[in-house]
Structures are given as C-alpha cells and as structure tokens.
1. Modelled with pLDDT of 70 or more and either under 30 Å from ARG35 (Cα atoms) or among the aromatic types (Phe, Trp, Tyr) (or both): is that true of GLU147 in this structure?
2. If you take the residues of the range 153-176 that are assigned to a strand (DSSP E or B) and of a type in the set (A, V, I, L, M, F, W, C), which of them is surrounded by the most Cβ atoms within 10 Å (Cβ to Cβ)?
3. Could you tell me which residue of the range 333-386 is surrounded by the fewest Cβ atoms within 10 Å (Cβ to Cβ), considering only residues that are of a type in the set (Gly, Ala, Ser) and in a strand (DSSP E or B)?
4. Of all residues in the range 87-112, how many are out of contact with any Asp or Glu (no Cβ under 7 Å at 6 or more places or on another chain) and either surrounded by fewer than 18 Cβ atoms within 10 Å (Cβ to Cβ) or modelled with pLDDT under 75 (or both)?
5. Can you tell me which residue in the range 266-281 is modelled with the highest pLDDT, limited to those that are touching a helix residue (DSSP H, G or I) at 6+ places or on another chain (Cβ under 7 Å) and either of a type outside the set (A, V, I, L, M) or assigned by TED's automatic domain parsing to the domain that holds PHE619 (or both)?
6. Which of (1) at positive phi; (2) assigned by TED's automatic domain parsing to the domain that holds LYS415; (3) of a type in the set (Gly, Ala, Ser); (4) crowded, with 17+ Cβ neighbours inside 10 Å is the odd one out, the single condition SER326 does not satisfy?
7. Check ASP504, ASP594 and return the single one that is on the phi > 0 side of the Ramachandran plot and either surrounded by fewer than 19 Cβ atoms within 10 Å (Cβ to Cβ) or touching a Lys or Arg at 6+ places or on another chain (Cβ under 9 Å) (or both).
8. Considering only the range 213-222, state which residues are surrounded by fewer than 18 Cβ atoms within 10 Å (Cβ to Cβ) and either in a strand (DSSP E or B) or touching a residue at least 12 places away in the same chain (Cβ under 8 Å) (or both).
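The values are calculated or read from the model by the stated rules, or taken from the named source; none is laboratory data. All of these numbers come straight from a predicted model, not from anything done at the bench. Ideal geometry is used to build each Cβ from the backbone, glycine not excepted, and the neighbour counts take in all protein chains shown.
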Amino acid sequence: MDLRKMNVMTPENSAFSTVFRHAGLGMAILDEAVRIVDVNPALQNLFGRSAEELLGLSPSELLNPESSTGCQQLIDEFFTGTDTSLEYDQTYTHANGQKFSCMLEICRTRDEGGPMIIALFDVSSVNSTSVRQAEKRYRGLFENAVEGIFQSTPCGRYLAVNPALATKLGYESPEDLIAGIEDISSQIYVDSESRREFEQMMRTHGTVKEFESEVYKKDGSKIWVTESARAVLDASGKISYFEGRLEDITKRKHAEEELQKSVFHDGLTGLPNREFFMDRLSQMIARSKRRGNSPYAVMFLDGDRFKRINDSLGHIAGDQLLMSLSTRLKDCLREEDTLARLGGDEFGILLEDIEDPDFAIVVAERIEKALDDPFTIEDQEIVFGVSIGIAIGQTHYEDPTAPLRDADIAMYESKAKGRQRYTLFDPTMGTRAAHMMQMENDLRTALDKNQFTVFYQPIMALDGESISGFEALIRWQHPEQGLLGPDKFIGIAEDTGMITEIGDWILHEACRQIVAWQKEFENDELTISINLSPEQLNKPDIVTRIWNCIADTKVRPACVKLEITESTIMRNPNEVRKKLESLREIGLRFSIDDFGTGYSSLAQLGQFPVDILKIDRSFISAMGDPDGGIDIVRTILELGKALGMEVIAEGVETECDQSTLQTLECPYAQGFLFSRPIPESDVRALLSVAQ
C-alpha cells in the first residue's frame, strides 16, 4: 500500500514522520486490514528483526504463540468498538530467543478510515526502585482503605484482603479471614447462586459493577454488600484472579425495604392498596376464565359524608375513623377475601371463588350491621356508614378496571338513593356517567369564566418557625357545587387533556403572585411550590411552556419549586430525566411529593435532579405508632441528608408532631397546625403579621 495515499508520511505530516523515525518507542503503522505497513528503527531493534520481516504481520503475530489468541480477541473487540485507544501488557520474543514484556498501545487517527498506529514500551527495563516505590504506595492505600478490598481466585478462595474487609465480615484480621474461608460461594454468600452469577459475569464481561448480594459474617449474622471487580488476565489471556472492592450497604437496603413496604400497602391502615388490589383482581379474572366462569364479586365502598367529619374534627380524627372502619370491615370477611384501601375513604373488596353470587349480598348486609354501632373518636361518638356498589364477576371482563368501574357506578347509585346501602350493578345504570359528562362540560368553560382560584399553604422553617414559602393549590368555584378541591376535577382534566391549559394558568398565577409578595414584603427568599401532573410533564413542549412562564412573570427561577410524584418519575424515567435536567439548567428546583409511597429505589432516585423530598402525611401521622412509624420518618430524613436534599414534612397537625420533627432535625414542615390552605388575601395578612 502507498502510504502517501494514506496521507501519513506526506510533507504535510513531516513532523509526524520525524517523530516516528527517531522515537525511542517501537512504533508501527497498520493499514485497514490491520497489517503492519511501516515500522520505525526502534521497533526493529526491539525485536531484532528487519523491516522486511515485520511488514505484513498483524499485532497478534508479534506475540508468543500461546499469547496470541487472547490478544487477538481484545484487538478484534477494539476495532469493532468505538474506543480511541487500547492498552495491553504482553510477552514477546526477541530474534535471539530472549523473552521480554511490553505495553502495547493501539491508537486510531482522527481521520475517518485513516491508519492506526501501534507503539510498544519495554516495561521489563523499568527501574526496580520505581517499582518498589509504587508497590509501597499501593500497599499503603490497600491497608488503610475504608472500603473492603480483595483478590480472589476464580475457584473461590481469597488470595489477599485488606483489614477493612476483614472487619466488615467480622474477622479479627486479614489472615483470619483468608484462613477461615475455603469456598466463598458457600461460606460467604447467603445465596450461592449469586456467587455463580458474579463469576459468570466476570468470565463473560471481565468486570462487575455494583453487584449486590447478601453475605454471612463470621458470627453467622447477615449483611448486604455491593461489589465492583475486574478479572486480571495472565500472559496467555486466561483469568488469573479477581480483584475488587466491597462496601457494606445494609443500612441502605433496610431503608429501601422499609420504604418498599409502603408500595403495596396503605401507610395509614396497613391494608393492601389499589395496586395490590388490582393485581389480585387481575389474577382472579384469569383464574375464572381458566376454570369456566368461577364466580367472584367486586365491592366498592365509599364513606358517607366523610369530608364533613374531616373538616369539622380534623384529619387526625378522620384518620382514626378510617383505621377503626378498616378493622370492622376485616371482621366481616373470610381469610381468603381481599380488603384494600383504594384511596381517601374508598375501599375495595374482592370476594374470591364464591359458591353463590348472593354471597356478596350477605357480606354487604353483614357490613351494614357492623356499622350500626357508632365509632368512638376522641371521646365523641360518630355514626358513620358507607355506600356499597357490587359487581358480580362476568366472563366478559377482560381486565380489572372493568369490574371495579362497574362496582363504582353501582356505589354512586347507592349514594343517589340515600347512602348507607348497597346496590348491585345493572348495565343500564348511567347516573355517574351523566354526572361526569356534566362535570366535563362545566370544566371546559371554567377558565373562560374565571372560576379557578389559587389557595396557598405556608411551608414553615422549623428552626425559627418562620415562613419559608408556600405551596400553590388550585380550587374551582363551581357555580352549583361550591368550592371544589382538585380531587373533584383534576382527574377529569387529565383524562380530557384540559390539564395542560389549567396547568399553565396555575403556573402563571402562582409565579405572578410570589413576585408580588416578594416586592410588597421585601423578601426575595420566599418560594412557591407548584404541582406538575404526569400528563403535564408528558407534554413534549413542557420545557418551553415553563420557560415562557418564567420569562413572562419575571420570577427568579430559584424561587420556583416544581413538585412531582414518584409514580410520575417512573412512568417514563429517561424522558422525565431529560426534561428535568433541561429545566434545572434554567435554575428551577424539584420536589418529590408524597415520598415513600411510590416505586422509586434509591439507585433510581439518585439519577434525577431532585432537590427536595416531601414526607407523605401518612408517615407523619404514624410517628406515634408503636410499630415504628417514627423510624420511617427518621430514615427518610437520613436519606435526604445523605443525598444532599432538603426534606419537608407534610400533614403536620399537632404540636407533638412538630416537637418530634424538631427533635429529628427536620428542617421544614407544612400542615393544619400552621395553617390550612388560604386565599391570597389571607396570605397578605399572614405575611404582614410575620413581618
């Protein structure tokens, strides 16, 4: 091949030509077929061979025969990959038969399709003093590292461990650990399959990163660890040993397990939640089809006038009522039945494998009788009933949403008939559908008629009990139904796509308002928290919409906190991350709302630009429970601190809650103890007093 055509040794590259010819390193140029087309004098001297003998060879053909296979595999992977260079230690043979060690480096040129250059550095001549000094430095790092460091054989024995690893595994010294372990798979790993998986990954990929497993300590106790390691190859390219590091992640795993318990169970009642219920119902539908219409029934229960009790007695009394109600409902069911809290004062019951559809009516009447006696809450007797809708399992049901929807429609029939009764679903029922249609029509004109307003709930700094900022909460002043909370219409807005327009409105209104308060009360540190729905965040132009709002209202981005839920993040994590990162560049901050009730793991959470965790109110209300409610709050606070995030406690309603949170060093809180959500005029009065 003519090198001039390759534009390597042309006059324009005379500088390279000079370096190439006079370099002390052995150098060669490869063509597209990965064959040597030119060598410098240093390379000829290194091998004791002439240029003619070396031209046309591949890099692997320079090696000893027993080493060429492993080297060729690495070279093949390099040429098919995107790396710009490859380094590889190997043994070579001089023309006189003497073997020597060299570091081989292959580099790509910048030009597309251009040649590649190899260089060989004779490491056998490295000054022994430098080697000893380097070894001494390495030994110091090895002995004093906080992380556990190890070298182990592929067959499962430790070759070397540092003191930190011995301590983590409960051994007195590295020597004690090495002598006591003959088989890592059976003596260290709780699940030997995990070790086999680890070894398989090492053989296949040569590296393992953050491999989590449960291991035994010397005393038989168990801890969770994460390992990162690489395979070290011998001269023939075979695995000589593994070397890596190990960290104890037991506290993190336990924290994740505590949080995970809340994913499929309601934090207040301890009952299964909606996700769990829908999964069981899905299984029941599939089983019914396999068995040929095995009967089952779905019951939807909704508390009658629960909001009135909540508003008059407070959320604490309301929570106590829901817990007492849960206990009575469970007493009415068989062990094989499923009772779940679907949300708020809504409950679902799945009666599996019933012999007679009328059994659902028997259960409904049993529940009605159980609720005849009043509940005693905070020394007050409260008569509380539920409206029940029943849907009998039918063969046409394909997914769990259908029978639950029908039971829900039947429940609204019970309410329409006077509440505290049960109703069997009838396909002709259309009351709720008509109501929802009317609500949708009313919602479409609400913006044009200026029926929306914003209420604000203060967020307090617990160290000095000062106002740190506000959370913006939308309300709908419905012409017939009065002031409605978001739970009554946001779902419709999301289903119909109106949430984007409504979301833009509240974003502009809240940002405009915080700017006005900052100027009026000369407090540039006031912040505003605004909720983003999953549907808003899913819009491709959401970043542009928010940027336009920031520009129009002239609000400082650092004063705006956008709140999203864990479930929103996990719907489409990659896309959400990109949008959040774009908004972070503007200067906005992000909160995870109702933290602990969703699906994210700690590893996933760390991948998002999140600044604030908001502890769900169910955890705050459970802090006084003997089953460890306070431990969950403490864990979230510790996680927030470890991740460098602020933490806000939601639903603080008693001075006892406040005192406990201050003891736990929770920085911020919001709740009825400080203030209910209030209109703009009341906020001005509140800020005037605060001054």
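1. No.
2. Applying the filter and picking the extreme gives VAL161.
3. Initially, the range 333-386 is screened for residues of a type in the set (Gly, Ala, Ser), giving 340, 343-344, 348, 360, 364, 370, 385.
Then drop every residue that is not in a strand (DSSP E or B), which leaves 340, 343, 348.
Working: ALA340: 25, GLY343: 12, GLY348: 26.
Among those that are of a type in the set (Gly, Ala, Ser) and in a strand (DSSP E or B), it is GLY343.
4. Residues in the range 87-112 being out of contact with any Asp or Glu (no Cβ under 7 Å at 6 or more places or on another chain) and either surrounded by fewer than 18 Cβ atoms within 10 Å (Cβ to Cβ) or modelled with pLDDT under 75 (or both): 17 in total.
5. THR269
6. Status for SER326: all satisfied but (1).
7. Working: ASP504 fails: on the phi > 0 side of the Ramachandran plot.
The match here is ASP594.
8. Residues satisfying the conditions are GLU214, TYR216, LYS217, LYS218, ASP219, SER221, LYS222.
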